[in-house]
Amino acid sequence: MSSFYALKPSSIYGTEFDFSQLKGKKVLLVNTASDCGYTGQYDDLEKIYQLHKDKLVVIGFPANDFKEQEKGSDEEIAQFCKKNYGVRFPLMKKGTVIKNEDQQAVFKWLTDASKNGWNDQPPVWNFSKYLVSEDGILLNYFAPSVSPTDKEIINAIENK
């Protein structure tokens, strides 16, 4: 296994985002897209981020891996998320989340059991969700159809 906290993706603004700063909080990582049937989940992601921000960080990973549903540049994506959904949770640089040679390092960790301890499930569509514990252990994978405010996700966030 490799450490979740060793990951350092680039934020949507081009600065390094060091996951070691997330120790002690749960982290919900979501691959996102601005032109998807699930795009409205940005609103619920922001709601749970604000409601649980003392113990949870939500991080969005824009990707254009499913039917050209994220065509914008990083700057356009950031503006879209802020203007339409009031997103204040961190967004990372647009990249690839599906398994191939260009897959972002964070998603290589999330989708490789030899790195995270148990999960090989890649995102099946936009708004797939992965929950990591306060100790950097991958706890759950949630399908895109599971709302961020679903009882299953809220219980996983609130349980130690």
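At a glance:
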| item | result |
| --- | --- |
| Residue satisfying all of: in the range 77-94; aromatic (F, W, Y) and in a helix (DSSP H, G or I); nearest to P62 (Cα to Cα) among these | F80 |
| Selection status of E68, acidic (D, E) and either exposed (fewer than 15 other Cβ atoms within 10 Å of the Cβ) or modelled with pLDDT under 95 (or both) | yes |
| Tally of residues being open to solvent by less than 40 Å² (accessible area, probe 1.4 Å) and under 14 Å from the mean Cα position of the chain (by Cα) across the range 104-121 | 6 |
| Subset of the range 96-116 that is in contact with an Asp or Glu (Cβ under 8 Å, 6 or more places away or on another chain) and free of Cβ contacts under 8 Å to residues at least 60 places away in the same chain - its residue that is nearest to D74 (Cα to Cα) | T96 |
| Selected residue [of a type in the set (K, R), more than 26 Å from I157 (Cα to Cα) and open to solvent by 40 Å² or more (accessible area, probe 1.4 Å)] from K53, K83, K93, K47 | K83 |
| Criterion: in a loop (DSSP other than H, G, I, E, B) and in contact with a helix residue (DSSP H, G or I) (Cβ under 9 Å, 6 or more places away or on another chain) - qualifying residue of G14, G37 | G14 |
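The values are calculated or read from the model by the stated rules, or taken from the named source; none is laboratory data. Source: prediction; values computed, not measured. We place every Cβ from the backbone using ideal geometry, glycine too, and count neighbours over all the protein chains shown. Side chains included, ligands, DNA and RNA excluded: accessible areas come from the protein's heavy atoms. Shrake-Rupley method; radii C 1.70, N 1.55, O 1.52, S 1.80 Å.
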